[in-house]
């Protein structure tokens, strides 16, 4: 009897688990199914109004949502979604007026429908889920070498009428036709037919998308060529939280910039956002019934901040905004960890004049890779990327310095070229670099020599103020600076400082 009782107990427990687990899993699947943006349309006194319902999950897996209309953004309260049934409360504010609306409806077969009711009446709502644009879409500046010649072309990836990816290879040399484009699990492949004068050939491309970089290989009977692509307008792509202000008050709005630089200003479609240096502009049109309003924006991009003016026939409004951190940004921030040991030197920033001269003496050319060992606030790698357009890596053991570097990378929009890592520089493999910069003590330079000796022949090493015993520099350059690295004009107060820049070329002459 005891055995039978135990067997019954086990069976009962297994049945309970079987019934409970699928219900939890189904709830999770439902939340994932609703997550994303839904375009909804509502008849408001004979006028069709378009808005966006945006659903997501917080860290605890709880469903949250926003109602995004052309008049602003409101959080959804008392949000419930169970067995396809959807309900929430939304509070809208128009100046001093507050309107509370209740929604009840359902999501079935990919369509949202229901009723929004408030003290002004009941309004029928219908909606469909918007597909997120694949990150491969957009324009890519592709760089590669043909023999000794550096070549830069543009690869444009977009979707055809069926939503499948197609591409164009835009080059000033010859004609190129791309077919059989596929993008799966971060991998882009296509076939290419090329014709330059009387020469014709076929090739394939296989590349990997990582962040805002597309790295791959062009293969043909002529051999393999490595190609690196950077996204055009990468600094703009993502979601921006805006504050729009005028004499009548302020409101919140969202600007979502897609990978191809099309966008959504709230629920209003924008065909193209233009980025020229740090100047941002776009134009769009708001339709409300039979009325149409032209809207334009002109402003400036400063790292993760956007400011400017939104203009329409109703006047101008001031805009300030910040970029909402993506999951990848949060993951990068989480990589900052407690250092394994104390930093070897006290942080003293290299004056910008010295940074400029060090990079000039490095004779940086296209295709070079710069490593800064003990990167501080990242000014050397940021300057290398901005001025020379090369890839640069900054390494520092101090988490505070890493955070400062990452902030400067964001501020100057060079994240597609600059990588910052929290590392012990004496454990690094430096062989990928051909320019290395230092601002360390002489003993630390000597300690790095076994690593530096492995650099490729012709690689340049530049050190600020400190030499490297046992290695004879090819240049010792002395210069004076104002001693003021804060941008002030009072040179008399700060006085002058003397600096020496040492340069070695691998392999160096022994001293």
| request: Tell me, yes or no, whether the stretch 73-84 has at least one residue that is within 16 Å of residue 266 (Cβ to Cβ), surrounded by 14 or more Cβ atoms within 10 Å (Cβ to Cβ) and modelled with pLDDT under 90. | output: no
| field | So residue 308, is it within 17 Å of residue 268 (Cβ to Cβ), modelled with pLDDT under 80 and touching a strand residue (DSSP E or B) at 6+ places or on another chain (Cβ under 9 Å) | value | no
| remark: Considering residues that are farther than 14 Å from residue 235 by Cα and touching a residue at least 40 places away in the same chain (Cβ under 8 Å), the number found within the stretch 407-420 is 1
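Limited to the stretch 371-384, what total is found for residues that are surrounded by fewer than 24 Cβ atoms within 10 Å (Cβ to Cβ) and without any contact (Cβ under 8 Å) to a residue 40 or more places away in the chain?
Summing the residues that are surrounded by fewer than 24 Cβ atoms within 10 Å (Cβ to Cβ) and without any contact (Cβ under 8 Å) to a residue 40 or more places away in the chain in the stretch 371-384 gives 3.
Does residue 381 satisfy the condition of being in a helix (DSSP H, G or I), under 24 Å from residue 448 (Cα atoms) and in the same structural domain as residue 440 (by TED's automatic domain parsing)?
So residue 381 fits the description; yes.
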| said: Looking for something under 15 Å from residue 463 (Cα atoms) and surrounded by fewer than 19 Cβ atoms within 10 Å (Cβ to Cβ) - is there at least one such residue anywhere in the stretch 363-370? | reply: yes
| request: Would you point out the residue of the stretch 473-494, among those that are exposed (fewer than 12 other Cβ atoms within 10 Å of the Cβ) and in a loop (DSSP other than H, G, I, E, B), that is modelled with the lowest pLDDT? | output: 490
| Only one of (1) part of a loop (DSSP other than H, G, I, E, B); (2) touching a strand residue (DSSP E or B) at 6+ places or on another chain (Cβ under 6 Å) is not met by residue 402, so which one is it? | (1)
| strands (runs of 3 or more DSSP E) wholly in the stretch 177-269 with at least 2 residues that are free of Cβ contacts under 8 Å to residues at least 60 places away in the same chain and out of contact with any helix residue (DSSP H, G or I) (no Cβ under 8 Å at 6 or more places or on another chain) - which ones? | 187-196, 199-210, 213-220, 223-231, 249-257, 263-265
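Within the stretch 426-447, track down each residue that is out of contact with any helix residue (DSSP H, G or I) (no Cβ under 7 Å at 6 or more places or on another chain) and part of a helix (DSSP H, G or I).
427, 442, 443, 444, 445, 446
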| Subset tally (residues that are modelled with pLDDT of 90 or more and loosely packed, with under 15 Cβ neighbours inside 10 Å) for the stretch 282-295 | 2
| Limited to the stretch 140-164, what total is found for residues that are within 19 Å of residue 217 (Cβ to Cβ) and surrounded by 16 or more Cβ atoms within 10 Å (Cβ to Cβ)? | 8
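The values are calculated or read from the model by the stated rules, or taken from the named source; none is laboratory data. Just so it is clear, the structure is predicted and the values come from calculations on it, not from any experiment. As a convention, Cβ positions derive from the backbone with ideal geometry for all residues, glycine included, and neighbour counts pool all protein chains shown.
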